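The values are calculated or read from the model by the stated rules, or taken from the named source; none is laboratory data. None of these values were measured; they are calculated from a predicted model. Don't worry about glycine lacking a Cβ; one is built from the backbone with ideal geometry, like all the others, and counts go over all protein chains shown.
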Amino acid sequence: MVDAGIHVFRDSESLHVGNKIGDELLQAIEQSKIYIPIFSRKYASSRWCLRELAHMVECTSRSNEKKEILPIFLNVEPLDVKLRTNLYREALSKHQEKFATEVESWENALNEVGEIKGWNWKKGESQVHLLRSVIQTVLAKLNARCKKNVTEDLVGVDDRVEAIIRLLDVESNGVQFLGIYGMGGVGKTTLAKVVFNQLSSHFQCCNFLSDVRESSERHGLVYLQEKLLSKFLDSGCVNQIHDVDEGINMIKRLL
């Protein structure tokens, strides 16, 4: 995921201080857009996993559909997670004595997430397809949330958008350039934003650069190159661009 440009927070045992979820872990859960709990056969044996899952469910329910949970069932079945078998039930019964006040919320969280369609992986299967599918799904969902703000209920834009999308032919293997020409104020940028919003989920990464001429004249081409690359690389790599040629070569390597 990091290689694909996704900012990831991964839980670590070092964060488990005391009997409650630490502030850093709570903050990470609350700031995340997508949660990916990985249900292993011993998942329910860990009170930390159960606490985190309950907090993910709580944050998702409060987010007004801005956050979501994408579960991975790693050699377990959704029925196990929904407590229809003894696999997780036995683990929860062992927690009952020490953590009785929390067990009910853990059960509710497991039942709720067990209903969500996720990925099922069986022991002995290759993980390559699983990894690829997870990353593609996460990228598509993140890109869908990076949409440009456009006035709702635009009049007369649908036919133009459809014509542009046909010309761009996103299913082809080629690289497409399309120029939209016209006097100022007729809606060229708005049209480009609508097209961007509709097509961004087709790609692993995407970026929208506006006011290119003004930015170029004011800050130079290197600034624009850095702005383009900033969505795909960390700041350390982007800051290594010292002239336009270096920027061109870095863009070539990346794309």
Take Thr137 and decide whether it is assigned by TED's automatic domain parsing to the domain that holds Ser46, among the hydroxyl-bearing types (Ser, Thr, Tyr) and touching a residue at least 60 places away in the same chain (Cβ under 8 Å). yes
Does Ala91 fit the bill of being in contact with a Ser or Thr (Cβ under 6 Å, 6 or more places away or on another chain), closer than 20 Å to Val8 by Cα and touching a residue at least 24 places away in the same chain (Cβ under 8 Å)? no
Of (1) closer than 24 Å to Leu142 by Cβ; (2) assigned to a helix (DSSP H, G or I); (3) among the polar types (S, T, N, Q), Asn64 satisfies all except one. Which? (2)
Restricting to the stretch 174-232, what's the tally of residues that are under 21 Å from Arg160 (Cα atoms) and among the charged types (D, E, K, R)? 2
Going by what's in this entry, would Lys98 be described as surrounded by 15 or more Cβ atoms within 10 Å (Cβ to Cβ) and among the basic types (Lys, Arg)? no
The condition of being out of contact with any helix residue (DSSP H, G or I) (no Cβ under 8 Å at 6 or more places or on another chain) and either within 28 Å of Val8 (Cβ to Cβ) or in contact (Cβ under 8 Å) with a residue 24 or more places away in the chain (or both) holds, among Asn207, Asn197, Asn173, only for Asn197
Within the stretch 1-33, the count of residues that are of a type outside the set (D, E, K, R) and at pLDDT below 60 comes to 6
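More than 19 Å from Leu70 (Cα to Cα), in contact with a Leu (Cβ under 8 Å, 6 or more places away or on another chain), of a type in the set (A, V, I, L, M, F, W, C) and outside the structural domain of Phe73 (by TED's automatic domain parsing): is that true of Val161 in this structure?
Considered against the rule, which asks whether it is more than 19 Å from Leu70 (Cα to Cα), in contact with a Leu (Cβ under 8 Å, 6 or more places away or on another chain), of a type in the set (A, V, I, L, M, F, W, C) and outside the structural domain of Phe73 (by TED's automatic domain parsing), Val161 comes out as yes.
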Which of the residues that make up the stretch 99-117 are free of Cβ contacts under 8 Å to residues at least 40 places away in the same chain and more than 18 Å from Lys42 (Cα to Cα)? Ala100, Thr101, Glu104, Glu115, Lys117
Any residue that is over 30 Å from Ser201 (Cβ atoms), free of Cβ contacts under 8 Å to residues at least 12 places away in the same chain and outside any strand (DSSP E or B) - is there at least one of those in the stretch 68-76? no
Scanning the stretch 210-232 residue by residue, those free of Cβ contacts under 8 Å to residues at least 40 places away in the same chain and either closer than 16 Å to Leu255 by Cβ or not assigned by TED's automatic domain parsing to the domain that holds Asp243 (or both) turn out to be Leu224, Gln225, Glu226, Lys227, Leu228, Leu229, Ser230
Could you check, for the stretch 226-244, whether at least one of its residues is at pLDDT 90 or above, over 27 Å from Lys33 (Cα atoms) and exposed (fewer than 15 other Cβ atoms within 10 Å of the Cβ)? yes
From Lys123, Lys148, which residue is in a loop (DSSP other than H, G, I, E, B), surrounded by fewer than 16 Cβ atoms within 10 Å (Cβ to Cβ) and within 24 Å of the chain's Cα centre (by Cα)? Lys148
Hey, can you tell me all the residues within the stretch 103-127 that are aliphatic (A, V, I, L, M) and at pLDDT below 90? none
